[in-house]
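Peer 1: Below is one structure. I have some questions about it.
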Amino acid sequence: MPLFDEEDCGFEDVCSPNLFTPTKTCNISTSSLKKTLLFHDEDSGLGMDNETRLVRDSLSVTNFTSFKSLKRNLSDEDMDDFTSKRQKRNPVSPKLRKTLSFDDVPNTSCEEDIKNVVNRLAVEDDLISDGSGQLCLPTVQGKHHDLNNITHETMASVLLGDYDDVIGDFKVIDCRYPYEYNGGHIKEAENIYTHDGILQLLNRSSVHSSDGNRAVLIFHCEFSSERGPKLCRYLRSKDRELNSDNYPYLNYPEIYLLYGGYKEFYTNQKEFCNPQEYKPMLHCDHAQDLRHFRSKSKSWTAGEKRRKRRQRICF
């Protein structure tokens, strides 16, 4: 076995491995030898295995001095060649470390707030969707358990201003087709029946009142069975996407569904309708309009159905 490991000193090209033969054991401490090697040779041998270290520690003072003399007598050209070979064998790559910027400092208080909101939303049914407070309107159990259902009496009370002390602004979103809406709708209701209309609603200015009062949306369709609930959920999902970096903040955190839809409201609260009429979706005079608007609504629901089908296949 060669006396000097090629990773130890790198002189295999200029020195014979049998050039130095230990003739006398020298009691030099390991720490002293390391200091000497560090002073005379940039490779101190700290990475050697035990066998090589024992051989190095057993060198005689005479041979060690000869070894240093030989190294000093090398020409500059030989030393350059030796250095280049050594660098090729053991390339040193710089270790890069990412510094921690101020933006990277974890906001533990914010994380705790989010956890608290999530836990509260999972347990308390009467919280608004950003977890900032209780629902301001009384709700009832309906067909859609994930939505907050209000009765026609509560809807009438909102129109009369009975909740003005807590509601700063409210919008009634009528999700029926235009011919139904024109045939009779709740006063001040806005006709939105497509996804594009919901996105335009989200892109409007912030609905949060400066005085701290609530901004409320109330959805409905003819029976609040299909169209109204679907658009209500669509707005919630897009609102979450829009504010994904500010969870649990929402543009519209408080949303309700009118239980029984326009039909039940018209039957019991006709005085709040304009005009005071009710035109059903399946009205015989609007068969062509029904086909037109239904095909239009199917065009924007088809993408969702395909996406849900792909998700079911993936899982």
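Here's the yes/no breakdown for (1) of a type in the set (D, E, K, R); (2) touching a strand residue (DSSP E or B) at 6+ places or on another chain (Cβ under 7 Å); (3) without any contact (Cβ under 8 Å) to a residue 24 or more places away in the chain:
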| residue | (1), (2), (3) |
| --- | --- |
| Leu127 | no, yes, yes |
| Ser132 | no, no, no |
| Leu137 | no, yes, no |
| His145 | no, no, yes |
| Asp162 | yes, no, yes |
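Peer 1: Continuing with this model, one more query. Give me a count of the residues in segment 265-291 that are modelled with pLDDT under 95 and open to solvent by 100 Å² or more (accessible area, probe 1.4 Å).
Peer 2: Result for segment 265-291: 5.
Peer 1: Taking the options Glu190, Glu222, name whichever one is open to solvent by 40 Å² or more (accessible area, probe 1.4 Å) and either at pLDDT 85 or above or touching a strand residue (DSSP E or B) at 6+ places or on another chain (Cβ under 6 Å) (or both).
Peer 2: Going through Glu190, Glu222 in turn, just one is open to solvent by 40 Å² or more (accessible area, probe 1.4 Å) and either at pLDDT 85 or above or touching a strand residue (DSSP E or B) at 6+ places or on another chain (Cβ under 6 Å) (or both): Glu190.
Peer 1: Sort out which residues of segment 139-149 are open to solvent by 30 Å² or more (accessible area, probe 1.4 Å), within 22 Å of Val118 (Cα to Cα) and over 28 Å from the mean Cα position of the chain (by Cα), and write them in order of number.
Peer 2: Hit for segment 139-149 is Thr139, nothing else.
Peer 1: Within segment 182-290, considering only helices (runs of 4 or more DSSP H) that don't extend past its boundaries, which have at least 2 residues that are among the basic types (Lys, Arg)?
Peer 2: It comes to 227-242.
The values are calculated or read from the model by the stated rules, or taken from the named source; none is laboratory data. Values in this document were obtained by computation on a predicted structure and should not be read as measured data. Here Cβ is always computed from backbone atoms with ideal geometry, including for glycine, and neighbour counts include all displayed protein chains. Just the protein is used for accessible areas: all its heavy atoms, side chains included, with ligands, DNA and RNA removed. Shrake-Rupley method; radii C 1.70, N 1.55, O 1.52, S 1.80 Å.
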